[in-house]
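Below is one structure; the comments refer to it alone.
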Amino acid sequence: MNLFPKTYGRTKGKIKKPSLLNYYKKINKYLIDSMSQYNKDIILEIGSGNGENIIKLSNLYKDKIIIACEVYIDGNSSLVKKLENKKIKNVKIFDKSCFYLFKKIKKFSIDQIWILFPDPWPKKRHNKRRLINENFINEIYSLLAKNGKVYIATDDKNYFLNILINFQKNDLFYWHNDNPNNWNTKFQDMPETSYYLKAMKIGQKPKFMIFKKKICLK
Ligand SMILES: C[S@@+](CC[C@H](N)C(=O)[O-])C[C@H]1O[C@@H](n2cnc3c(N)ncnc32)[C@H](O)[C@@H]1O
């Protein structure tokens, strides 16, 4: 039985058998077992896809643990290849839904959460599958450290507004870049992820939001 909302589509794409076998051989050393072993600060990306942003973050923050949370095997496989080639040591992978990870992470231990192009589920009847809703925002609030930030990008106008409304409703975060010049500009240092490139190809203008944790006892 799935206890948590299913916010994702397929978990496997066109990955071929040799790559899949190689993936299963290599992934173990990157998988998270228990979070209690990490006393370093954490940066988490949810839905890390092929891992382009994870590689960037691991270079920018060498003294932090970067967690890639992704259920899509093809994406994780391509991240594992990058980690092996570049001999990166500060990245861990969680290959199940983020809601399971939330139960393992210590409160106030995450500095940044990145969510780039979360599945928009545009059909009205699928809207409830969207990852970012009030409940999700409450969960991440308690995991983020003081001054923790959430970075979100989307190219879906309806989801953009919906995310803003949900963050405003529960009043736990400031919208840090609430100025059109800023929310229309790609995050500094953000690489062109697969979904960023897809959006640009079809002429969609992605929106970029940064939310900063408020200090409040709620
Ligand atoms: C549209 S893709 C974006 C991938 C990547 N961030 C990019 O910009 O190219 C969204 C990803 O989020 C993942 N995802 C959705 N719900 C998730 C969840 N609850 N936990 C972990 N990953 C999730 C999906 O598997 C999918 O790969």
Here are Phe108, Phe117, Phe99: which of them is closer than 22 Å to Asp156 by Cβ, surrounded by fewer than 22 Cβ atoms within 10 Å (Cβ to Cβ) and touching a strand residue (DSSP E or B) at 6+ places or on another chain (Cβ under 7 Å)? Phe117
Looking at (1) surrounded by fewer than 16 Cβ atoms within 10 Å (Cβ to Cβ); (2) in contact with a strand residue (DSSP E or B) (Cβ under 8 Å, 6 or more places away or on another chain); (3) not aliphatic (A, V, I, L, M), which is the only condition Asn28 fails? (2)
Taking Ser48 as meeting all but one of (1) more than 9 Å from the ligand (Cβ to nearest atom); (2) in a loop (DSSP other than H, G, I, E, B); (3) of a type in the set (Ser, Thr, Tyr), write down the number of the exception. (1)
Condition set more than 18 Å from Pro118 (Cβ to Cβ) and of a type in the set (Lys, Arg), scope the stretch 170-214, selection farthest from the ligand (Cβ to nearest atom): answer is Lys214
Return yes when Ile88 is of a type outside the set (D, E, K, R), within 11 Å of the ligand (Cβ to nearest atom), touching a residue at least 12 places away in the same chain (Cβ under 8 Å) and surrounded by fewer than 21 Cβ atoms within 10 Å (Cβ to Cβ) and no when it is not. no
Of Ile88, Ile46, Ile73, the only residue that is among the hydrophobic types (A, V, I, L, M, F, W, C), on the phi < 0 side of the Ramachandran plot and within 13 Å of the chain's Cα centre (by Cα) is Ile46
Is there a residue in the stretch 68-80 that is at pLDDT below 95 and out of contact with any strand residue (DSSP E or B) (no Cβ under 6 Å at 6 or more places or on another chain)? no
Give the residues of the stretch 57-75 that are in a strand (DSSP E or B) and more than 9 Å from the ligand (Cβ to nearest atom), sorted by residue number. Ile65, Ile66, Ile67, Ala68
Contact list, first residue from the stretch 1-22 and closer than 15 Å to Ser78 by Cβ and modelled with pLDDT of 90 or more, second anywhere and of a type in the set (A, V, I, L, M, F, W, C) and part of a loop (DSSP other than H, G, I, E, B), beta-carbon distance below 6 Å, six or more apart or interchain, is Thr11/Val71
In the stretch 94-144, residues that are near the ligand (Cβ under 10 Å from one of its atoms), part of a loop (DSSP other than H, G, I, E, B) and among the hydroxyl-bearing types (Ser, Thr, Tyr) total 1
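The values are calculated or read from the model by the stated rules, or taken from the named source; none is laboratory data. A quick note: this is a predicted structure, and the numbers were derived from the prediction, not measured. Cβ coordinates were reconstructed from backbone atoms using ideal geometry, including for glycine residues, and neighbour counts include every protein chain displayed.
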